[in-house]
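Student: First, the structure itself, so that you have it in front of you.
Any read-out appearing in this document is the output of simple, stated calculations on the displayed coordinates, not a laboratory observation. Please read these numbers as outputs of a predicted model, since none were measured by experiment. Every residue, glycine as well, gets a Cβ built from its backbone with ideal geometry; the counts of neighbours run over all protein chains shown.
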Amino acid sequence: MIDHNTVERIMELANGQIVDVVSDFVELRRRGVNYLGRCPFHDEKTPSFTVSPSKGIFKCFGCGKGGNAVNFVMEHEQFTFVEAIKYLGEKFHIHIEEEEETPEMREKKNERESMLLVTQFAANFFIDNLLNTDEGKSVGLSYLRQRQIRDDMIARFQLGYSPQKKDALIQEAKKKGYKETFLEKTGLITVKENFKGDRFRGRIMFPIHSLAGKVIGFGGRIMVTDPEKKYAKYQNSPESEIYHKSKVLYGIFQAKQEISKQDKCFLVEGYTDVISFHQSGISNVVASSGTALTVDQVKLISRFTKNVTVIYDGDPAGIKASLRGIDIILAEGLNVKVLLLPEGEDPDSYSKKLSSEDLKKYILDNETDFIKFKTKLLLDDAQGDPVKKATLIQDIVRSIAVIPEPITQSVYVKECSRMMDISEQILLKEINNIKNKRLHDAEQKARRERMLRSKDSATQQNIPQQKNTKNPLNYDERVVLRYLMLYGEIVLYKEEPEDEDGEETPVTVGEYIISELKKDNITSDNHLHNLVLELYEKAEKGEGFTALKFFVNNSNVEISELASDIIGKEYELSKIHARFGGVPQEIELLIEHVPKVVTELRLKKTKLTIQELRLKLKKVQEEGRHEELVPIMEEIRKWDRIKSHISKELGGRTIV
Ligand SMILES: [Zn+2]
């Protein structure tokens, strides 16, 4: 946990230097008061990605993405809020005070950090060995050259070589002052009763990176074999405090941005498959490497895209074995396609035969929808065998039943019904049976878990969900909130003193908006809009307070995003100007515009309330609940009075 003040300091600093933050990832050019570049979140030829240093926000007018510096880093690096704050803290050299850190927590954190230092040291050691030693060059580098892996790929994936010598890494680590215990904890060395030595020997080393790019483990491919002993071709780091096999995807660090951008992820099997695809210009690719695909891995992918294409070698036996794993992807609500490579080819070999363009074309032409693929594959197999066909139907139906999205599901039912020549009703019935059974199992499991769970954790279940409403006044509310966010602290007018000796009381734009909106006691359908007003009302508005800073730097990410979004939309501003006669100096016209937009909003809200009440009245009449009629009619009359009052405030103009 990072303490609140530090978060605010980092946010303020980062947003104040947003050009610096963004420039680490995007080439920006000055254009008037703003900076312009090509958007990293969608493909574009002419730049429409704007950074405003004065407001501390970015906005892409092509794809609509926008936010402050923290939002940018979160989106670009796919960081969580805390990760983004830590990243920016490091960038701006702000020491992060961790709140409520127990000695135990500190020790654990220090241990993790020490382990990460050791894995990075080892990765560098392996790289150095590959490139700068005779053994590394003759054994490792020559192999990579023979596999046609280019130098820029060796650098991108930080490939290395671990020498054959029993304790090369241990010796070097000692020299550099790294503790042996962390070498052991990261599994870089093995310690047994009568043996202590490097785990990886005579191997090409593939470092495995975390999402944030830290080396957390290794895969090693054997190069030198001792005919006396049997070695596994690939060996991986064991599970550790920093490396959890089931939660990691090989290549995710190098691929994440492109996966987001292409809105698609290729899933292959091995390290070299990933690297070969990169080399062919396809970099939205990852491998589950060594484990069968897990739910956590699928969740990791789904942070970046909902579209996955699994690439198979053209080997039918292997395909059937891994079909079940794909149900996991379907169950997470992702769209799965399958690409079958020609017989005898794997992604590595095939990508080397085709040019980059031809490979991309081959993929586009040949990837097929998973359920269709599976049906066809199994149908071919069950040709003319009714028993086999029955099993096959069961199998397909199980896959369809895990799909969470009902429309997708029904499309598949239709398709399979056609392909397998079996009625939709039968398929649907079968799907329902499976679903009911799963539901039953899940309920039982939940009941067991409830009984096991302690009382205190039960309270964590009640996190309020965001209400998903269509708010008819969204636009009008945003117009008002924009004034609040941009000019909240500016004095709108001065209230006359109550007696002759009294002083005038200044009323700010923020105070005015809040008190006006409170008048009629109507809230917004959008919980964020309500929250903006609430936060502003409660905020301590001391020296140097500005509404802009307050909202853009708000540590509630939803709020800071909303603020950047609202403020970023300058075209809204021009629309408002057009309505009020197109005057450029907005700040001088606040006294005219703010009361107008606020009162208009109040009037529209009032009209909406009356509309809703009339509908209610009609319903009550139809249902013959006469005792409810009078109170509703009174309510309508009350709102009618409010309406005409507001209309008068607007100078008798009728607003439609
Ligand atoms: Zn964009």
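Student: Points 7 angstrom from Cα along the Cβ direction at T523 and E258: gap in nanometres?
Tutor: Spacing of the two 7 Å Cα→Cβ label points: 4.8 nm.
Student: For T309, T408, which order do you get if you count the other beta carbons within 10 Å of each Cβ and list the fewest first?
Tutor: Placing the least packed residue first, the sequence is T408, T309.
Student: Still on this model: Within segment 185-236, list the trypsin sites (Lys or Arg not before Pro) lying in a DSSP loop whose Cβ has at most 13 other Cβ atoms in a 10 Å radius. Can you show the working numbers first?
Tutor: Numbers: sites: K185, K192, K196, R199, R201, R203, K214, R221, K229, K230, K233; in loops: R199, R201, K214, K229, K230, K233.
Taking segment 185-236 and a limit of 13 other Cβ atoms within 10 Å, the loop trypsin sites (Lys or Arg not before Pro) found are K229, K230, K233.
Student: If packing is taken as the average number of other Cβ atoms within 10 Å across a peptide's residues, how do 335-347, 512-524 rank, most packed first?
Tutor: On the way: 335-347: 18.1, 512-524: 16.2.
Highest mean packing first, the order is 335-347, 512-524.
Student: Quick one: check the C-alpha center-to-center distance for segment 588-651 versus segment 351-400, whole angstrom.
Tutor: One Cα centre to the other: 59 Å.
Student: With a Förster radius of 22 Å, plug the Cβ-Cβ distance of L428 and V387 into 1/(1 + (r/R0)^6) and report the FRET value to the nearest 0.05.
Tutor: Values: r = 23 Å, r/R0 = 1.03.
Efficiency for this residue pair is about 0.45.
Student: Turning to a different aspect of this structure: Among I85, T6, I57, which residue has its Cα positioned farthest towards the positive end of the charge dipole of segment 1-100, with +1 placed on the Cβ of Lys and Arg, -1 on the Cβ of Asp and Glu, and the dipole taken about the Cα centre?
Tutor: The residue sitting most towards the positive pole is I57.
Student: Going by the alpha-carbon gyration tensor, a ≥ b ≥ c the square roots of its eigenvalues, is segment 463-548 rounded (a/c under 1.5) or, if a/c is not under 1.5, prolate (a/b greater than b/c) versus oblate?
Tutor: Details: a/c = 2.45, a/b = 1.98, b/c = 1.24.
Prolate.
Student: Projected onto the charge dipole of the chain (+1 at Lys/Arg Cβ, -1 at Asp/Glu Cβ, origin at the Cα centre), which of Y536, Q148, N34 gives the Cα projection farthest towards the positive end?
Tutor: Projecting each Cα onto the dipole axis, the largest value belongs to Q148.
Student: Averaging over all projection directions, find the projected area of the Cα convex hull of segment 224-350 and quote it in nm² with one decimal place. It would help to have the intermediate numbers written out before the result.
Tutor: Numbers: hull surface 36.7 nm².
Result: a mean projected hull area of 9.2 nm².
Student: Among the aspartates and glutamates, which fall within straight-line cross-link reach of K604, defined as a Cα-Cα distance under 13 Å, with same-chain neighbours fewer than 8 residues apart omitted?
Tutor: Result set, ordered by chain and number: D476, E477, D520, E612, D640.
Student: Once you put a point 7 Å from the Cα of E586 and another 7 Å from the Cα of I222, both along the Cβ direction, what distance in nm separates them?
Tutor: 6.8
Student: If you add up the charges near V70, with Lys and Arg at +1 and Asp and Glu at -1, over every other residue whose beta carbon is less than 13 angstrom from its beta carbon, what do you get?
Tutor: Details: positive: R9, K86, K91; negative: E8, E12, E75, E77, E83, E558, E561.
That works out to -4.
Student: Further question: With a sphere of radius 12 Å drawn around the Cβ of F253, what net charge do the other residues whose Cβ falls strictly inside it have (Lys, Arg +1; Asp, Glu -1)? Could the numbers behind the result be given before it?
Tutor: Values: positive: R156, K214, K256; negative: E77, E258.
Result for the local shell: +1.
Student: Let me ask something else about it. Along Cα→Cβ, 7 Å out, is where each label goes; now give me the distance between the ones at E241 and L617 in nm to one decimal.
Tutor: 7.0
Student: Next question. What order do you get for 133-144, 478-489 when each peptide is scored by the mean count of other beta carbon atoms within 10 Å, highest first? Numbers along the way, then the final one.
Tutor: Details: 133-144: 16.9, 478-489: 22.1.
My ranking of the peptides, most packed first, is 478-489, 133-144.
Student: Run down the lysines and flag those whose C-alpha is under 18 Å from the C-alpha of K86, throwing out any fewer than 8 positions away in its chain.
Tutor: Cross-link targets: K108, K109, K214.
Student: In the chain, which cysteines lack any other cysteine Cβ under 4.7 Å from their own?
Tutor: Singleton cysteines: C63, C265, C416.
Student: Starting from the Cα of K353, draw a straight line to each of the lysines and keep only those under 24 Å, dropping any in the same chain fewer than 8 residues away.
Tutor: K264, K337, K361
Student: Then there is this: What number, rounded to the nearest 500 deg cm²/dmol, is the helix-based mean residue ellipticity at 222 nm of the chain, given -39500 (n - 2.57) per DSSP H run of at least four residues and division by all its residues?
Tutor: That comes out to -17000 deg cm²/dmol.
Student: May I ask which of K245/K360; K389/K414; K65/K549; K374/K437; K91/K256; K176/K196 have a Cα-Cα span longer than 26 Å here? Numbers along the way, then the final one.
Tutor: Values: K245/K360 30 Å; K389/K414 18 Å; K65/K549 20 Å; K374/K437 23 Å; K91/K256 21 Å; K176/K196 19 Å.
Over 26 Å apart, Cα to Cα: K245/K360.
Student: What is the magnitude of the charge dipole of segment 506-566 about its Cα centre, with +1 placed on the Cβ of each Lys and Arg, -1 on the Cβ of each Asp and Glu, and no other charges, expressed in debye to the nearest 20? Provide the component values of the computation, followed by the final result.
Tutor: Working: 5 positive and 11 negative charges, 32 e Å.
The dipole of segment 506-566 has a size of about 160 debye.
Student: If you place +1 on the Cβ of every Lys and Arg, -1 on the Cβ of every Asp and Glu, and leave all else neutral, what size is the dipole of the chain about its Cα centre, to the nearest 20 Debye?
Tutor: Computed about the Cα centre, the dipole is about 2400 debye.
Student: For R324 and D20, compute 0.36 nm times the residue count separating them, minus their Cα-Cα distance, and round to one decimal in nm. Can you show the working numbers first?
Tutor: Values: separation 304, 0.36 × 304 = 109.44 nm, distance 4.71 nm.
In short, 104.7 nm is gained.
Student: For an R0 of 30 angstrom, estimate the FRET efficiency from the Cβ-Cβ distance between K196 and Q146 and round to the nearest 0.05.
Tutor: Values: r = 33 Å, r/R0 = 1.12.
That pair, K196 with Q146, gives E of 0.35.
Student: Further, regarding this structure: Note the direction-averaged projected area, equal to a quarter of the hull surface, for the Cα convex hull of the chain, in nm². Intermediate results must be reported in sequence, preceding the final value.
Tutor: Working: hull surface 173.2 nm².
Here the figure is 43.3 nm², rounded to one decimal.
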